[in-house]
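Report on the structure given below.
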Protein chains: 2
Amino acid sequence: MPVGTLGSVKGVPQDTLEELGAQIILGNTYHLYLRPGHELVRSMGGLHKFMSWERAMLTDSGGFQVFSLSGLRKINENGVNFRSHLDGSSHLFTPERSIEIQIAMGADIIMAFDECTEHPAGHGRTRDSMEMTLRWARRCKDHFEAHKQEVPWYSAKGPERQQALFGIVQGGMYADLRRESAQRTVEIGFPGYAIGGLSVGESREKTREMIAATLEVLPEDKPRYVMGVGYPEEITQYAALGVDMMDCVLPTRAARHGLLFTSEGRLNIKNTRFVQDQGPPDPACKCKVCARYSRAYLRHLFVAGEPLAGVLNTIHNLAYYLDTMRAVRHAINLGDPSGIQSGSVSMA
Amino acid sequence: MPVGTLGSVKGVPQDTLEELGAQIILGNTYHLYLRPGHELVRSMGGLHKFMSWERAMLTDSGGFQVFSLSGLRKINENGVNFRSHLDGSSHLFTPERSIEIQIAMGADIIMAFDECTEHPAGHGRTRDSMEMTLRWARRCKDHFEAHKQEVPWYSAKGPERQQALFGIVQGGMYADLRRESAQRTVEIGFPGYAIGGLSVGESREKTREMIAATLEVLPEDKPRYVMGVGYPEEITQYAALGVDMMDCVLPTRAARHGLLFTSEGRLNIKNTRFVQDQGPPDPACKCKVCARYSRAYLRHLFVAGEPLAGVLNTIHNLAYYLDTMRAVRHAINLGDPSGIQSGSVSMA
């Protein structure tokens, strides 16, 4: 899922996202709550209508962002008090408040408000945090069930269509806690499950180990979503383990810093070796950037600070990631997840 | 002509410019000379190939930009010594050097190197400046005739296709000097003529008066180009006077500052009155921005500093300007230049 933090995948018009084949994009509740505000989004008919995006959307709960505001937030059983990174104003997110905001914005998939356990953390502290996330998951589900008909498009789309609230597994870097968290989250019961609290500084091997332990418990017939990963080789690896959904700012953020993902590896487009390189960013890629522009031109745009640099780099990186996921689906359809490779080269 | 200073119309991919119907875009020789450098552009096969733009291009001479570097430049009969605004390095533009650079970049239309007379300036000083521009025009033409076969695409496109060097009329705010400059520029002989040195702080009535005086002398069967104008109502007015070509950074620069040109007048999109405005930027506009996005969404993007704001605002403003020129051509085809109006509303 490409990340559209503030109701826009940075620099990329929605029709271009459609052309790229993006089926679902992610919005960040913390950021959208601050700007433009969920009440405005509700009054505009919800996020789909506000940003003119008819395909699927997912919003996170805001949990990860407010926990990242170290020094600006205070956590207790009720929820999280935090100060806006924009103007220092005080706000409170509780499980109920997060769900209220996410109902107002009306994404197709919304997420339970969880505590992303800090890393490193001992077993006892991680268990306490996991227990609170489980209590919060219950509160989220209760609030959602009581208020789900308040989604702005409720009457327009019919009662059979509704938002899906996913639960989130925590448990830090402990396989036993991951399994227990998964088991007890499944007992609460959600139409899909996320694995949170990863990619927080641990080794990649540890990430893989925690995902594998959690997947042992999560039901195969429900979507399983690893939040906030990752590099192309990671997403193919996790898909091979059985992960169905992932999101990451990497393809878009790296693009704005001039880092391109290609079938030949990562390219730092500002490198002087590209100054006269007439080749496309990725010879194996079929995207409209690779079909039209040279590395030399993209390097010039980036070095000169032209806004088109971010636009074109982002379009290519999203094409590369979405091609990677198409290759994953193709391998799965062939019944051979071990054949999954990243990038468009595997489409050849 | 949309302005693509550094080989890119800021934030807008080339395929979008094609969809908008842009037939010709402008590049700035001063900026392209500094970054990426004309020798690099030449080695890439010229500016068309470098930026992947097959339609027409025009480069200015660099004169206007170097004269704008007050404090950083020194003018004498030979040319202009200037320091780069990027790194302070010293450079010399002469008429011959400007033409050499423009041949290397290979735009379809290139411009003589002129002195843009400062404003205000007395009659004597304006005449001296005009005389130097005429001597420089001769030098430009001589250098171009001697070197025009050095354009990078010379062998690829056949000898019958070549660059067109346009002369530039100066003469400040004096109608007699404007007419004399035009007469003597025509005597040197060019396939097209520009009117330079306007929009430098004078009243709009003075601009119109200088254009009208110059057009009395310039041949009707050659393109007549007013440089660096203007607002939509200006470009329709000048077209009605007989002007064939104009360029301006206004639609693109204003867009990046949140100013939209519409059939209902200018909109400052960050205005709070648009916060819940579900209407399109311009109800009379058929562009892809007006077809899809609301003023409320564009306001949010702009206020939140999202890069998509500049992209979408620029696409709309270019659509508005290009629609204005389509309306101009339509009125001319009907034989009724007095019916020329600005913007898409006149297309209805």
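The values are calculated or read from the model by the stated rules, or taken from the named source; none is laboratory data. As the structure is a prediction and not an experimental result, all values here were calculated from the model. Cβ coordinates were reconstructed from backbone atoms using ideal geometry, including for glycine residues, and neighbour counts include every protein chain displayed. The protein model used for the area step is the full one, side chains on, heavy atoms only, and it has no ligands, DNA or RNA in it. Shrake-Rupley method; radii C 1.70, N 1.55, O 1.52, S 1.80 Å.
Taking the dipole about the Cα centre of chain A, with the C-beta of Lys and Arg at +1 and of Asp and Glu at -1, give me whichever of A:Phe274, A:Gly45, A:Gln65 is farthest to the positive side.
A:Phe274
Extending each Cα 7 Å along its Cβ direction at B:Arg135 and A:Arg204, get the distance between those two points in nm, one decimal.
6.7
Which values of log₁₀ I(q)/I(0), to two decimal places, follow from the Debye formula for the range B:118-259 at q = 0.13 Å⁻¹ with a uniform point scatterer at every Cα?
Values returned for q = 0.13 Å⁻¹ are -0.63.
Pairs A:Lys286/B:Lys288; A:Lys270/B:Lys49; A:Lys74/A:Lys148; A:Lys141/A:Lys206; A:Lys10/B:Lys270: which exceed 22 Å Cα-Cα?
Check vs 22 Å cut-off fails for A:Lys286/B:Lys288; A:Lys74/A:Lys148; A:Lys141/A:Lys206.
Could you tell me which of B:Pro283, B:Ile24, B:Val9 has its Cα farthest along the dipole of the protein assembly as shown towards the positive end, charges placed at Cβ (Lys, Arg +1; Asp, Glu -1), taken about the Cα centre?
B:Val9
Return the single residue from A:Pro159, A:Pro191, A:Pro251 with maximal mean-square fluctuation; model: Gaussian network over chain A, springs between Cα atoms under 10 Å.
A:Pro159
Sum -39500 (n - 2.57) across every DSSP H segment of at least 4 residues in the protein assembly as shown, then divide by the residue count to get the 222 nm mean residue ellipticity, nearest 500.
After summing the helix terms and dividing by residue count, I get -13000 deg cm²/dmol.
Across peptide A:5-12, what mean number of C-beta atoms from other chains lies inside 10 Å of a residue's C-beta?
Taking all residues of A:5-12 together, the mean is 5.
What total accessible area, in Å², is buried where chains A and B meet, using a 1.4 Å probe and rounding to the nearest 100?
Counting protein atoms only, the buried area is about 3300 Å².
Relative to the Cα centre, what is the charge dipole magnitude of chain A, using +1 at the beta carbon of each Lys and Arg, -1 at the beta carbon of each Asp and Glu, and rounding to the nearest 20 debye?
My answer is approximately 800 debye.
Tally up the carbon and sulfur contribution to the accessible surface of the protein assembly as shown as a whole percent, 1.4 Å probe, everything protein left in place.
So the carbon and sulfur contribution to the accessible surface is 50 percent.
Please compute the Kirkwood hydrodynamic radius of the range B:292-339 from all pairs of different C-alpha atoms, in Å with one decimal.
With all distinct Cα pairs of the range B:292-339 included, I get 12.5 Å.
What percent antiparallel are the DSSP beta bridges of the protein assembly as shown, to the nearest 5?
40
With +1 assigned to the C-beta of every Lys and Arg and -1 to the C-beta of every Asp and Glu, and no other charges, what is the dipole magnitude of the range A:14-104 about the Cα centre in debye, to the nearest 20?
Dipole of the range A:14-104, to the nearest 20 debye: 340 debye.
Which residue, A:Val41, A:Val12, A:Val66, tops the fluctuation ranking in a GNM of chain A built on C-alpha contacts under 10 Å?
Taking springs between Cα atoms under 10 Å, the residue moving most is A:Val12.
Under the definition of Cα pairs under 8 Å and six or more residues apart, what whole-number percent is the relative contact order of chain A?
After rounding, I find 13 percent.
Semi-axes, largest first, in whole Å: what does sqrt of 5 times each Cα gyration tensor eigenvalue give for the range B:140-209?
Semi-axis lengths for the range B:140-209 are 32, 13, 9 Å.
How many angstrom lie between the Cα centre of the range A:33-79 and the Cα centre of the range A:150-228?
Value for the Cα centre distance between the two parts: 19 Å.
Enter the accessible area per residue of the protein assembly as shown (Å², integer; probe 1.4 Å; all protein chains in place).
Solvent-accessible surface per residue comes out at 38 Å².
Name the residues of the range B:257-289, by number, that are at least 50 Å² less accessible with every protein chain in place than in the isolated chain; the surface is that of heavy atoms, probe 1.4 Å, without ligands or nucleic acids.
Hits at the 50 Å² cut-off: B:Gln276, B:Gln278.
Restricting things to Cα coordinates, could you compute the convex hull volume per residue of chain B in Å³?
Cα convex hull per residue, to the nearest whole number: 142 Å³.
Full extension from A:His119 to A:Leu92: what is 0.36 nm times the residue separation minus their Cα-Cα distance, to one decimal in nm?
The A:His119-A:Leu92 span can extend by a further 7.4 nm.
Note down the nm distance, to one decimal, between modelled labels 7 Å out along Cα→Cβ at B:Asp142 and at A:Asn78.
8.6
Anything losing 40 Å² or more of accessible area from the isolated chain to the full protein assembly: pick those residues out of the range A:32-71, probe 1.4 Å, ligands and DNA/RNA ignored.
A:Arg35, A:Leu40, A:Met44, A:Phe50, A:Ser52
When the convex hull of the C-alpha atoms of the range A:2-86 is computed, what volume per residue in Å³ does it have?
In the range A:2-86, the Cα hull volume divided by residue count equals 103 Å³.
Evaluate Rg over Rh across the protein assembly as shown, taking Cα atoms for both radii and Kirkwood's formula for Rh.
1.06
Under a crude label model (7 Å from the Cα following the beta-carbon direction), how far is A:Ser52 from A:His257 in nanometres?
Result for the modelled spin labels: 3.2 nm.
Dipole of the range B:210-348, Cα-centred, from +1 at each Lys and Arg C-beta and -1 at each Asp and Glu C-beta, to the nearest 20 debye?
For this selection, approximately 680 debye.
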